[in-house]
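The values are calculated or read from the model by the stated rules, or taken from the named source; none is laboratory data. Being a predicted model, the structure only gives us computed values, none of them experimental. Glycine gets a Cβ as well: all are built from the backbone with ideal geometry, and neighbour counts include every protein chain shown. What goes into the accessible areas is simple: the full protein's heavy atoms, side chains included, and nothing from ligands, DNA or RNA. Shrake-Rupley method; radii C 1.70, N 1.55, O 1.52, S 1.80 Å.
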Amino acid sequence: MDYDVIIVGAGAAGLMTAIQAGFGGLRVLLLEGQSRPGAKIIISGGTRCNVTNQTVSEKDFNSGKIICVRHILRSFSNTDTIRFFKDLGVELTIDSEGKYFPSTNSGKTILEALLGKINLENNITLLCDHKVEAAGRDINGFFLKGEHFRFHCKKIVLTTGGLSYPATGSDGTGFRLAQSFGHSMIDATAALTPLSSRDVDFKNLSGITIKASLSLLIDGKKHFFTRGSFLFTHLGFSGPAVLDISRHWIRAEGQKQVIINFIPDHDEHSLQSHLCLLQQKAPRKTLQGVLDELMPKRLAEVILKKAGIKSDLVMNQLDKGLRQRLAAKCVHYPLDITGALGYSKAEVTAGGIDLSEINPKTLESKLEPGLFFAGEVLDVDGRIGGFNFQWAWSSGYTVAQALIKQL
Ligand SMILES: Cc1cc2nc3c(=O)[nH]c(=O)nc-3n(C[C@H](O)[C@H](O)[C@H](O)COP(=O)(O)OP(=O)(O)OC[C@H]3O[C@@H](n4cnc5c(N)ncnc54)[C@H](O)[C@@H]3O)c2cc1C
């Protein structure tokens, strides 16, 4: 037997599993297909790496087995994450939205701190350029093999990630390895990805960010709601609110429509009342002037154009019909969405290995004892805000504790 445990994939989940298992005295081999480990840690959060959030619960995630997600998050919480990095010498700072980043504002700090514990002193060997192509059992226990290697071990952990940003190494091989052990998949799609549009007026606003709320309607019924930053891009729409709604839009079946509220502190009724009040208080004010106080000037121009209202119209010329039309365009505007940008721009993968075939307390396979999973390879995806890394840390920790107990 070469190793107690072989972990496949040195991303966030694999590094956490290796460190915790090594701390527990296990002989660990960490195999990474790329020439360097932890590629996503470096590019994440706009290279700042949003490692966790002030409040984390299963409600921040999507999964076929949300109870399992709750259990795993409780076994290693966001406060455990903060303490863990502090012990590694990394101070985390919190922003106004409750997101934690290293105080250096660099994902490299996180990766270097993790790699600082990946060494023989902690019983961990890391081999890069070792892409695992097949795994199974033979008379020597589990084997893992690639183009130029074959290793044996007592336990395997698959931390191969999903399909998002394949250039970082997560190309779906992990799904195939799991399937070779008989595991089923919940259909995978891109998530946390920008949406594309044909709307030239909005594309011309590329670079402008606003606060907005978005509702996803499926066959006319509200299916998902989110509120946050919204970014106009040259291809369509992005920003946290769009990324959060994308997985629901992509996975929805039926007639789907995204409605945006450009002034999320108002609904149609309150905006109309506001306009009525302004008609009395400032009858000579132009509509452009009124909207400029509620949104960026260039967006106001586009809204007036879309409402078919001249920008130099003054408030006392606004009749009830125009007022209703303008309010509707501002707070209930159906966006033209033609698609999603897909895995190449997706921060995470929705779907993955079906949790119903996995022990919810240890993340060990129910089909193949000794085979474990952690991280994005599983059917768990979080919203924007540090939740996906928290899942990687929590699930990696959980698996390591189970391995230590068994070995
Ligand atoms: C641009 C971007 C920004 C992001 N920003 C944030 C953020 O700020 N906060 C947050 O919480 N989340 C963020 N995420 C999501 C987060 O990075 C992932 O959810 C997390 O990294 C998943 O960790 P993982 O270890 O499960 O998988 P991965 O990080 O994908 O790691 C999997 C590893 O396995 C290796 N591998 C795959 N197959 C094999 C094989 N057959 N043999 C050997 N090795 C293999 C890969 O090369 C890779 O190194 C971001 C993602 C992206 C793409």
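Yes/no per residue for (1) surrounded by 16 or more Cβ atoms within 10 Å (Cβ to Cβ); (2) away from the ligand (no atom under 16 Å from the Cβ); (3) of a type in the set (Gly, Ala, Ser):
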position	(1), (2), (3)
Leu275	yes, yes, no
Gln280	no, yes, no
Leu294	yes, yes, no
Lys310	no, yes, no
Gly321	no, yes, yes
Ala350	yes, no, yes
Asp354	yes, yes, no
Glu357	yes, yes, no
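Right, Phe23: among the aromatic types (Phe, Trp, Tyr), more than 9 Å from the ligand (Cβ to nearest atom) and either in contact with a Pro (Cβ under 6 Å, 6 or more places away or on another chain) or open to solvent by 50 Å² or more (accessible area, probe 1.4 Å) (or both) or not?
Considered against the rule, which asks whether it is among the aromatic types (Phe, Trp, Tyr), more than 9 Å from the ligand (Cβ to nearest atom) and either in contact with a Pro (Cβ under 6 Å, 6 or more places away or on another chain) or open to solvent by 50 Å² or more (accessible area, probe 1.4 Å) (or both), Phe23 comes out as yes.
Selection within region 323-348: residues that are of a type in the set (A, V, I, L, M, F, W, C) and within 16 Å of the ligand (Cβ to nearest atom). The member of this set that is surrounded by the fewest Cβ atoms within 10 Å (Cβ to Cβ) is Leu341. Candidates in region 138-151 are the residues that are open to solvent by 30 Å² or more (accessible area, probe 1.4 Å) and touching a residue at least 40 places away in the same chain (Cβ under 8 Å); of these, the one that is farthest from the chain's Cα centre (by Cα) is Asn140. In region 41-69, the residue that is nearest to Ser238 (Cα to Cα) out of those that are within 15 Å of the ligand (Cβ to nearest atom) and open to solvent by 50 Å² or more (accessible area, probe 1.4 Å) is Gly46. May I ask you to list the residues in region 212-228 that are more than 15 Å from Tyr333 (Cβ to Cβ) and open to solvent by less than 30 Å² (accessible area, probe 1.4 Å)? Scanning region 212-228 gives Ile218, Thr226, Gly228.
For (1) farther than 26 Å from Lys59 by Cβ; (2) near the ligand (Cβ under 9 Å from one of its atoms), each residue gets a yes or a no:
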| residue | (1), (2) |
| --- | --- |
| Leu158 | yes, yes |
| Ser180 | yes, no |
| Asn204 | yes, no |
| Gly220 | no, no |
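The test for being over 16 Å from His332 (Cα atoms), in a strand (DSSP E or B) and within 16 Å of the ligand (Cβ to nearest atom) holds for Leu231. Identification of strands (runs of 3 or more DSSP E) wholly contained in region 236-345 with 2 or more residues that are under 22 Å from the mean Cα position of the chain (by Cα) yields 236-238, 256-261. In region 369-407, the qualifying residues are those that are near the ligand (Cβ under 9 Å from one of its atoms) and of a type in the set (S, T, N, Q), and the one that is farthest from Ser57 (Cα to Cα) is Ser395. Only one of the numbered conditions (1) under 23 Å from Val348 (Cβ atoms); (2) open to solvent by 20 Å² or more (accessible area, probe 1.4 Å); (3) out of contact with any strand residue (DSSP E or B) (no Cβ under 6 Å at 6 or more places or on another chain) is not met by Pro240, and that is (3).
Close Cβ contacts (under 6 Å, 6 or more residues apart or on different chains) running from residues in region 27-39 that are more than 6 Å from the ligand (Cβ to nearest atom) to residues that are outside any strand (DSSP E or B) and open to solvent by 40 Å² or more (accessible area, probe 1.4 Å) comprise Arg27/Asn123; Val28/Asn123; Ser35/Asp129. A Cβ distance below 6 Å, combined with a sequence gap of six or more or placement on separate chains, defines the contacts here; from region 9-20, residues that are touching a residue at least 12 places away in the same chain (Cβ under 8 Å) reach residues that are within 6 Å of the ligand (Cβ to nearest atom) and basic (Lys, Arg) in the pairs Gly11/Lys40.
Checked against the criterion of being part of a helix (DSSP H, G or I) and at pLDDT 95 or above, region 358-373 contains not a single residue that satisfies it.
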